[in-house]
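S.K.: Please read through the structure below; I'll follow up with questions.
FYI, it's all coordinate maths here, none of it is from the lab. Keep in mind the model is a prediction, meaning the values are calculated, not measured. Cβ placement follows ideal geometry from the backbone for every residue including glycine, while neighbour counts extend to all protein chains displayed.
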Amino acid sequence: MLRRPSMFSLALATSIAVGCAAASEDPLRAQEMSTDALGATGAVDAAAGPAAPGSGDTFSIATMADGECSANVRVGAAGSCSAPCRARGGDYSPAGVCEAYGVKCGDGALGGIEQCDPPNVGRGCAADCRLERGYVCSPPSLPSNPNEPAICRQTVCGDRTKEGTEACDDGNAIDGDGCSSTCALEPDCSSGSCASKCGDGIKLPPEECDDLNTTDGDGCSHDCRAETGFSCSESTASPPPRLDLAVTYRDFLAIPLGTGMRHPDFEAFSGEDVTPDLVRPTLDVEGKPALDGRCAQGSVTAQCPYGQQLTTAENFNQWYRDVSGVNLSVASALLLPQQADGSYVFDSGNAGFYPVDDAGWTATTPARESRATASPNVNDGRSHDFGFTTEVRYFFQYRGGESLTFSGDDDLWIFINRTLALDLGGLHHRIQKTLDVDQSATALSLALGDIYEIDLFHAERHSDGSNFKLTLTGFIPTSSACQSACGDGVRAANEECDDGNHVDRDGCSGACRIETIIR
């Protein structure tokens, strides 16, 4: 950066390409990019932080009348890398030829916080020389060629290789397990209350920002503090094209073969509508629903219009816990594509909801359970594995305007903040109900901006048909967008200079670009 005080005259201005020595020789220069900043394939890793200038970077060489020179400069003969200028106030001295490095996106050389160069918009390298989400780019070629776009490729979330803009990669593409299906960090809700972590894209106090990573030099530091020279503002996180929610299915012996014992709660009861309050209003200490005790007898009452619906607390406790010999646990994912209105929807459709057909007791060797035929008036009329439960856990930041709609059969309970929020319990045909989170916020003890867990518990307990449709609307967290604050007097990001104003023709333009002025 060259800044021309009014008393000076600029005798010479030109540009040359310079390759420089190690950073230890010059504290004003960031460390040269090393193999630590490259991925296993040689690609630039966003998590490695800002890149330093290397061979092929452009420097301005100028001789000042009194020898003063501005920040980010070196003294010595043109083309050399000698001792740094000494600090004196806001400038540097002594007299001599000064080399000032200016980061310029598009010059084919990495510098400052650039993660790729030149841009290859839509194919991995954005117009500001930052990696586009889901991409990793190779270092620029040497010598630098501004006409050769960055060579980038898409990262593969779930391959256990953290690269590009990935904040994590745990070897799967499932949401709700700490590392999302897009390889972003997630809050920890394992203790009941959700705790946000820096880098999960959810800005909560005491965080000053959270931009979905823990990389320094991009405006939001590794500990989620706003960095000097940047301005960070809240923004709605870019929503993923699909939610892949972690789900656990547990298959029970509903129609046993041979001498197998049918589970007492499956293929045993019937009903035509919801039987409310079968479970207690809050989850137990293990985060599971607990049986209330009503409708465990055979008589029809006002509370139990369809008679008995369950048996004992001991049997019910097996529904959402792994019990050897009683159920088979199947880990999977519930896929919710984003719709045109921004909502996310999983819909089993007319074919029906039979996720354990090839993984439950009907698929063991030998098979321990028989399949049943679904009604062609309800589903596809084919044989399926009935008698299973579904458990889904996810999180959201309550911002207002969220809603959740479920349509299906049989039992369905949804808890938010460990409190029962939607109750469709009992044996019944397909029923739809919507939860407006705002209307229930007081009863659920929700506070705007905080993070809460959604716990969904479902059971398919009677053959004939199985349906499941889940719609999530408005569940988008608030993250941070950080930009360099041109005009604040602090050079940051891709600014070539920053003289504390937005005035042109004073050596540093209103857009924080170096100006060459000859008088």
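S.K.: Tell me whether the stretch 164-308 comes out rounded, prolate or oblate; compute the Cα gyration tensor, take square roots of the eigenvalues as a ≥ b ≥ c, and use a/c under 1.5 as the rounded threshold.
M.R.: Prolate, since a/c reaches 1.5 and a/b exceeds b/c.
S.K.: What is the pair-distance distribution P(r) of the stretch 242-473, computed from all Cα-Cα distances in 10 Å bins starting at 0, with each bin given as a whole percent?
M.R.: Using 10 Å bins, I get a P(r) of 8, 33, 38, 18, 4, 0 for the stretch 242-473.
S.K.: Within the stretch 261-285, name every residue whose backbone N is under 14 Å away from a label modeled 7 Å from Cα of SER375 along the Cβ vector.
M.R.: Correct set: 270-273.
S.K.: Here's another thing I want to ask about it. R0 = 51 Å: FRET efficiency of SER445 with ARG513, Cβ-based, nearest 0.05?
M.R.: 0.45
S.K.: Expressed in nm to one decimal, what extension gain is obtained for the pair GLU234 and SER141 from 0.36 nm per residue of sequence separation less their Cα-Cα distance?
M.R.: The span from GLU234 to SER141 would gain 29.8 nm if fully extended.
S.K.: Arrange the peptides 127-134, 502-509 so that the one whose residues have, on average, the most other Cβ atoms within 10 Å appears first.
M.R.: The packing order, highest mean first, is 127-134, 502-509.
S.K.: Can you find, among ASN467, LEU448, HIS429, the residue farthest towards the positive end of the dipole of the stretch 429-468? Put +1 on the C-beta of Lys and Arg, -1 on that of Asp and Glu.
M.R.: Farthest towards the positive end: HIS429.
S.K.: Now for a separate question. Assigning unit charges at the beta carbon (Lys, Arg +1; Asp, Glu -1) and nothing else, what dipole magnitude in debye, to the nearest 20, does the stretch 431-519 show about its Cα centre?
M.R.: Roughly 220 debye for the stretch 431-519.
S.K.: Read phi for every residue in the stretch 398-403 and hand back ³J(HN,Hα) as whole Hz from Karplus 6.51 cos²θ - 1.76 cosθ + 1.60, θ = phi - 60°, with x for Gly and Pro.
M.R.: Result, ordered by residue: 6, 10, x, x, 6, 8 Hz.
S.K.: Which Rg and Dmax, in Å, describe the Cα atoms of the stretch 167-210?
M.R.: 10.7, 31
S.K.: Let me ask something additional. Taking H placed 1.01 Å from N in the peptide plane, check which residues at least 5 places from CYS125 or on another chain put their amide H under 5 Å from its amide H.
M.R.: Excluding prolines and chain starts, which carry no amide H, the hits are ASN120, GLU132.
S.K.: Report, in debye and to the nearest 20, how large the dipole of the stretch 242-473 comes out about its Cα centre when Lys and Arg carry +1 and Asp and Glu carry -1 on their Cβ.
M.R.: Charge dipole of the stretch 242-473: 180 debye, to the nearest 20.
S.K.: Between SER235 and residues 5 or more places away or on another chain, which pairs have amide H atoms under 5 Å apart, with H built 1.01 Å from N, and which residues are they?
M.R.: Amide H neighbours of SER235, under 5 Å, 5+ apart: SER479, SER480, ALA481.
S.K.: Turning to a different aspect of this structure: Out of the trypsin sites (Lys or Arg not before Pro) in the stretch 359-443, which ones are loop residues according to DSSP with at most 14 other C-beta atoms within 10 Å?
M.R.: In loop regions of the stretch 359-443 (DSSP not H, G, I, E or B), the sparsely surrounded trypsin sites (Lys or Arg not before Pro) are ARG382, ARG430.
S.K.: If we sort 297-305, 198-206, 155-163 on the protection proxy, mean other Cβ atoms within 10 Å, highest first, what's the order?
M.R.: Descending packing order for the listed peptides: 198-206, 155-163, 297-305.
S.K.: What ³J(HN,Hα) values, in whole Hz, does the Karplus curve 6.51 cos²θ - 1.76 cosθ + 1.60 give for the stretch 367-379 when θ = phi - 60°, with x put for Gly and Pro?
M.R.: 5, 10, 9, 9, 7, 10, 8, 6, 5, x, 7, 10, 10
S.K.: Go through the stretch 241-257 residue by residue and turn each phi into a ³J(HN,Hα) via Karplus (6.51, -1.76, 1.60, θ = phi - 60°); whole Hz please, and just put x for glycine and proline.
M.R.: With coefficients 6.51, -1.76 and 1.60, one gets x, 7, 9, 10, 7, 5, 9, 10, 9, 10, 8, 10, 6, 8, 10, x, 9 Hz.
S.K.: Additional query: 7 Å from Cα along Cα→Cβ at both ALA302 and ALA481: what's the point-to-point distance in nm?
M.R.: Taking the two extended label points, one gets 5.7 nm.
S.K.: Rounded, prolate or oblate: which fits the stretch 374-519, taking a ≥ b ≥ c as square roots of the Cα gyration tensor eigenvalues, rounded meaning a/c under 1.5, else prolate when a/b beats b/c?
M.R.: Since a/c reaches 1.5 and a/b is larger than b/c, the shape of the stretch 374-519 is classed as prolate.
S.K.: Further question on the same structure: Classify the stretch 231-364: rounded, prolate or oblate, from the alpha-carbon gyration tensor (a ≥ b ≥ c, eigenvalue square roots; a/c under 1.5 rounded; otherwise prolate if a/b is larger than b/c)?
M.R.: prolate
S.K.: How big, in percent, is the set of alpha carbon pairs in the stretch 131-195 lying more than 15 Å apart?
M.R.: Tail of the P(r) past 15 Å holds 58 percent of the pairs.
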